[in-house]
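I have placed the structure first, in the form of structure tokens, so that the comments after it can refer back to it.
The values are calculated or read from the model by the stated rules, or taken from the named source; none is laboratory data. As the structure is a prediction and not an experimental result, all values here were calculated from the model. Cβ atoms come from the backbone with ideal geometry, glycine included; neighbour counts cover every protein chain shown. In case anyone asks, the SASA skips ligands and DNA or RNA and just uses the protein heavy atoms, side chains included. Shrake-Rupley method; radii C 1.70, N 1.55, O 1.52, S 1.80 Å.
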Amino acid sequence: METPPDARLSDCTDKGSNGHMTKRNPSAKRPTLQDIARQVGVSATTVSYVLNGTGAVGAEMSKRIRATAKQLGYRANQAAKAVRTGKTRTVGLILPDLTNPFFPLLAQPIQMAAYEAGYAVLLIDSHGNTDWERSGAEDLLARGVDGIIWCPATEVDSLATLKGEVPIVAIDRPLPDYDSVSADSYGGARQLAEHLLALGHHSVGMVTGPMSLSSARMRRDGFVDRFSKAGTIAWEMENSFSINLCADVREAVCKNRASAIICANDLIALGVMRFLYGQGARVPDEVSVVGFDDISWASLATPGLATVRQPFAPLGKQAIELLLRRVEGDNAPRISLSLDMHLSQRGSLRNLSN
């Protein structure tokens, strides 16, 4: 079969500034500091000072050097820098399930904060499997990452034997003996309980997340501890953090006699809303539904899903800052940061106090 014209061109041509196709030489030597120095008429050391932000070089000369570097298509050789400094300026990120929209929302601010600090991020999806977590971490170490941010799939410390090799920060799900950055799930759930009581809800059903996870337990306990002082938990069932509801949860929702159903995350809540619609029940006229996390899908539901918002941007920023402090040699005692959560009120939650 004849090679398509576009495929032939893509390997050997490029567009010049005039828009015409011009030949590229794939084997052309990449520009070096010496090439820039010769063209500008300064030493390679001066060029290095400017491009690495070190030393004192005049503003006009710095401008000329950067313009020449851009014109020649210069890119810093990070591999060579790693040999000299012992640092690759890369960090690993291990997340348990990229099909859950919560985790891409968590990954994005981590990547942005790393980029602003001059680091690249290598991402591993562990598929909720501790063996994959460990093998993924070993792969990251083999690639020379300077540190790892890790959202554990379970409470099993699958990286226990690796944590002495590079700094590791646990995110969203704290583990003992690790620096951690997480949202205050307990406090956020208490806020939610107080809000429901203020709206006149005094009997609710609950769909918790997996009780094997501390984050799910904190959400459950924070809500129950506050709500049970003035209200009643009519029923409680456990479900995976998924839009797919298990049979016991579907049965409990069918028999629901409470004014609201509290869900451990937004995926569960959206699954409950979908199931209720299939049963002919109206949200929130017949029953309110509330989630947790405030993923992007929450605002797109009909009605919009009321939920407790995760501080995604601060989580990512704080995790990178903490990790890089350790990379730079900070040996302070273990740090555990807990960030505030806030309610996002939407149409799935009815006010019964009027």
*Just flag the GluC sites (Glu not before Pro) in the stretch 100-182 sitting in loop per DSSP whose Cβ has no more than 10 other Cβ atoms within 10 Å.*
none
_For the chain, what are Rg and Dmax over the alpha carbons, in angstrom?_
26.4, 82
*Which percentage, to the nearest 5, of the DSSP beta bridges contained in the chain is antiparallel?*
15
*Which residue fluctuates the most in the chain, going by a Gaussian network model with Cα springs under 10 Å, if the choices are 51, 192, 175?*
51
*asked:* Suppose all protein chains stay in the model; what accessible area per residue would a 1.4 Å probe give for the chain, in Å²?
replied: 51
_Contour excess over end-to-end distance, with Cα ends at residue 155 and residue 336 and 0.36 nm allotted per residue_ = 63.5 nm
*Multiply the residue gap between residue 228 and residue 38 by 0.36 nm, knock off their C-alpha separation, and tell me the result in nm, one decimal place.*
60.8 nm
*Before rounding to the nearest 500, sum -39500 (n - 2.57) across all DSSP H runs of length at least 4 in the chain and divide by the residue total; then give [θ] at 222 nm in deg cm²/dmol.*
-12000 deg cm²/dmol
*Rank 335, 227, 265 by how far each Cα sits towards the positive end of the charge dipole of the stretch 195-354 (+1 on Lys, Arg Cβ; -1 on Asp, Glu Cβ) and give me just the farthest.*
227
*Under a plain spin-label model, where a point goes 7 Å from the Cα along Cα-to-Cβ, how far apart in nm are residue 353 and residue 203?*
2.1
*How far apart, in nm, are the 7 Å Cα→Cβ label points at residue 61 and residue 112?*
3.8
_Carbon and sulfur %, accessible surface of the chain computed with the full protein complex present, 1.4 Å_ = 52
*If you add up the charges near residue 137, with Lys and Arg at +1 and Asp and Glu at -1, over every other residue whose beta carbon is less than 12 angstrom from its beta carbon, what do you get?*
-3
*By average C-beta atoms within 10 angstrom, highest first, the peptides 199-207, 122-130*: 199-207, 122-130
